[in-house]
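Read the structure below first, then the notes.
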Amino acid sequence: MQKTTFLKFYGCLVLFVLVIIPQQTKAQLVIGSPNLQFNQACASDSFNAYDISFVFNPESALAPGNRFNIEMSNAEGDFTDAIVVFSSAPGSITASPASVTFSIPETTSGEGYKLRVKSTEPAATSAPSNEFSAYYKLHDTPFTINKFVSTGAFCPNGSYLLTIDNPGFGDTTSPLLFPSLTFNWYKETGPTSSVFVAESESLSVTEEGTYFAETNYGSCTSNSFSNRVMVSEATAGQTTTTAIESSAGNPFCASEGPTTLSTMNGDSHTWTKDGTVIPGATGRTYQTSESGIYTVTVVSGNCQAIGSIDLESGDFTSSIDVPAINELPTGESLKVTITTTANNPEFEWYLNEELLPDVTGNTYEAFEFGSYRVLVFQNSACEDFDEFTFEIREITDPFPEVANIPNLISPNGDGINDTWVIPTSYVSGTNTEVMILTNQGDVVFQTKEYANNWPEDQLNLTSVNLVYYYIIIPENQDIKKGSITVIQ
């Protein structure tokens, strides 16, 4: 008896081990650290594809619906807010080693990124990859500083301001249009060498030399660099030029607040707007919310520097050349034109709140009846817009030709039988008197110039249909009498 019990227990134990061990083995998946097939990721809109490979074991541990996700850390290698840059289709990766291709986000900018691999069924995470530098080059073309002027001079004990043009000068695009970018300034030390000076959007130069700027893409090479400007020290009594920088850019958005104009240091400053001296504006900076041509004269010792900026506030006005309500016969069209002072304006046209994707100009020839809306945007940092609405309705003939006098109307606003429409031989211009009475004999309407417009006001309708009586007295004709039933 004891022997039989022991054999049964031993058999159950063996069966339990045989069942549990495979399940534990299947649940344990080990993923190797990602192997980078690149040294650095220098992406742009023309290229953004990078390869990695990884191993995992055992292959049998994967469930049919498993996904492998590739996560990218922040620029310091921290995965707290990791971004998934690749996710495999369920069950698509079943063999080790595996290779995948991913793209970096447009916000990528730094030297210490890492990758790791995570599976979903079962859940497992690899060790991080080696560090790598990665930048998405939002701007990758040459740009200009100081409107492409190749030389400049600063007064003794003064400075010369170098600024990145915004908007771009000539056909160039300003990198300042991308707020996330930063910039490095360099001073040439030889025909092919230079030294880093500062990281900023502008540079105040106090030493002679040739300077230029580059968009900061770390160790990645880029075509986003400026022209060279050779800066020298002016001699005593010389008049030179200086730059004026707008803190909010140019154009700037006045609706978001004023901008601060700044220039070089000096012993005295005189600011003008559109040729008129600004009272009290005697400092190195001047704050304004208005468009205009601003100049500054800086005196430093025996040297004088003059700067100028054509400042645009970003404000604009627009107008439309059609009224709010327009009536057209079927088959005819209405040409609508928007006039605006916006720089590089963009237009969005809507019909009954549906965007018209093929209509992008300032004019539109509308054929359809309905409610229209037009938005006018200015292509600048300013997010203001102008909005116009108008409606096109089908024109209605107030005196349509009808054969009989109707005895039923339904003034519910649906455009069908809303008013009592009678033959044209009795309407305005025929010297016919029209009277409408209640069923108690009270006159509620009387005219000799009937325009097919009764009732002009919405009647107080109830669930019971109202009955009125009419008397039509034509000139030199028999009198017409009858009833009008008003229904909802």
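Values in this text are rule-based calculations from the coordinates and carry no lab data. Keep in mind that what you see is a predicted model, and the values were worked out from it rather than measured. FYI the Cβ positions are ideal-geometry reconstructions off the backbone, even for glycines, and counts take in every protein chain you see.
Divide by every residue of the chain the summed helix terms, -39500 (n - 2.57) for each DSSP H run of at least 4, and state the resulting mean residue ellipticity at 222 nm, rounded to the nearest 500 deg cm²/dmol.
-2000 deg cm²/dmol
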Practice task
Report, to the nearest 10°, how far helix 2-27 tilts away from the longest principal axis of the Cα atoms in the chain, using its own Cα long axis and a range of 0 to 90°.
Solution key: 80
Problem - Exposure proxy ranking, count of Cβ atoms within 10 Å, fewest first, for Arg393, Arg67 - result: Arg393, Arg67
Fill in the blank from the handout: Rg/Rh over Cα atoms for the stretch 408-486, Kirkwood Rh, comes to 0.96
Completion exercise
Here the FRET efficiency for Asp81 versus Ile306, based on Cβ atoms and R0 = 41 Å and rounded to 0.05, is 0.25
Completion exercise
Honestly the stretch 187-272 on the Cα gyration tensor test (a ≥ b ≥ c root eigenvalues; a/c under 1.5 rounded, otherwise a/b vs b/c for prolate or oblate) is just oblate
Exercise for the section: Please work out whether the stretch 184-229 counts as rounded, prolate or oblate from its C-alpha gyration tensor, where a ≥ b ≥ c are the square roots of the eigenvalues and a/c under 1.5 means rounded, while otherwise a/b larger than b/c means prolate and anything else oblate? Expected result: oblate
Handout entry: Debye equation applied to the C-alpha atoms of the stretch 318-394, log10 I(q)/I(0) at 0.13, 0.18 Å⁻¹
Key = -0.37, -0.69
Handout entry: Histogram of C-alpha separations across the stretch 146-311, 5 Å bin width, %
Key = 2, 9, 17, 20, 20, 16, 10, 5, 2, 0
Handout entry: Set of aspartates and glutamates near Lys118 by C-alpha distance (under 13 Å), chain-local residues within fewer than 8 positions excluded
Key = Glu71
Completion exercise
The Kirkwood hydrodynamic radius of the stretch 27-136, taken as the inverse of the mean 1/r over all distinct Cα pairs, in Å, comes to 14.1
Practice task
Rounded to whole Å and ordered largest first, report the semi-axes of the equivalent ellipsoid of the chain derived from its Cα gyration tensor (root of 5λ).
Solution key: 69, 53, 17
